Ligand code: PAZ
């Protein structure tokens, strides 16, 4: 895969270009009146990309991810003093909503509609959920008031990569004060837009079966690292199901793409333990160091994970 493949991908890409101006406006809010940056900025990606099979899309291939990792990590970065661009799959889990009763919203609301109920009239949170809901609402309102959280939704692989490139190019002037924390599950295969059929695929037009030919998505990690935001601190993620491959594949990402750290996790145990793999401090032939992060007594593993990434980013800043 070459830079030509990357260029071709974006040239053929159908998605709109609205992300850049929203990021620009958000970034202005992170500077004081003399033009100094008031806090570092992290782009947290979250949720899975879809790969459409038709331009007027009825069917698509999806990627595993509910968005828990991204949403909880975004909360922890805000807590650590970062401004957060939350590039997320539309309708995936949002910051400040984890822990809310998982069923329907109606399950934790009660309604009093009798006119003679006076001030009690209206819709209320049930007693059992009220503490939790108040805490979620309060934290969400704080983030909104401080202007430190920008939510940008995506659905398809095209929208995701186009927004990621726009964010990276807009954050480039921040140099080392920008962080990319790429927790989204991004498809490796897709149908290029020019090859995609316009309308819904008709089963009647096929005999016994239907064969799909997918192409490899050009690798964007190296381009992000070297061209779009060459000074930013880049943390990529690696999800595997075979424990035997995990660390080797994470180590390969470091040598191939030059990312600063890879969060390696196994599907079944991802909420309990992750490994942060990074180049060794001294340049000794591509050796890596590994921090094993366990949930331990924390409610969610994203707290110790983000603490570790923040520590590594601070070290990166002071090493400049
Ligand atoms: O979104 P989630 O909390 O259900 O899962 C998180 C995750 C496993 C998608 C993430 O930790 C991750 O590994 N993302 C990269 C996936 C990949 O290798 O494509």
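Remarks
- Subset of region 42-63 (residues that are in a loop (DSSP other than H, G, I, E, B) and either within 15 Å of the ligand (Cβ to nearest atom) or closer than 16 Å to residue 152 by Cα (or both)): 47, 49, 62, 63
- Qualifying residue in region 6-13 (condition: closer than 30 Å to residue 137 by Cβ and either within 15 Å of the chain's Cα centre (by Cα) or more than 16 Å from the ligand (Cβ to nearest atom) (or both)): no
- When residue 249 is tested against (1) within 12 Å of the ligand (Cβ to nearest atom); (2) surrounded by 15 or more Cβ atoms within 10 Å (Cβ to Cβ); (3) part of a loop (DSSP other than H, G, I, E, B), just one condition goes unmet, and that condition is (3).
- Residues (over 16 Å from residue 143 (Cα atoms), touching a strand residue (DSSP E or B) at 6+ places or on another chain (Cβ under 9 Å) and touching a residue at least 60 places away in the same chain (Cβ under 8 Å)) located in region 24-49: 37, 45, 46, 47, 48, 49
- Listed by position, the strands (runs of 3 or more DSSP E) contained in region 121-219 that have at least 1 residues being within 16 Å of the ligand (Cβ to nearest atom) and surrounded by 12 or more Cβ atoms within 10 Å (Cβ to Cβ) are 149-154, 178-182.
- Answer residue from region 258-287, given it is more than 15 Å from the ligand (Cβ to nearest atom) and surrounded by 16 or more Cβ atoms within 10 Å (Cβ to Cβ) and is nearest to residue 225 (Cα to Cα) among those: 260
- Residue match in region 301-313 (condition: within 12 Å of the ligand (Cβ to nearest atom) and not in a helix (DSSP H, G or I)): yes
- Unique match (being over 25 Å from residue 193 (Cβ atoms), within 16 Å of the ligand (Cβ to nearest atom), within 20 Å of the chain's Cα centre (by Cα) and exposed (fewer than 15 other Cβ atoms within 10 Å of the Cβ)) among 70, 66: 66
No value in this document is a laboratory result; all are computed from the given coordinates. In this text, all values refer to a predicted model and were calculated from it rather than measured experimentally. No Cβ is skipped: glycine too gets one built from the backbone with ideal geometry, and neighbour counts run over all protein chains shown.
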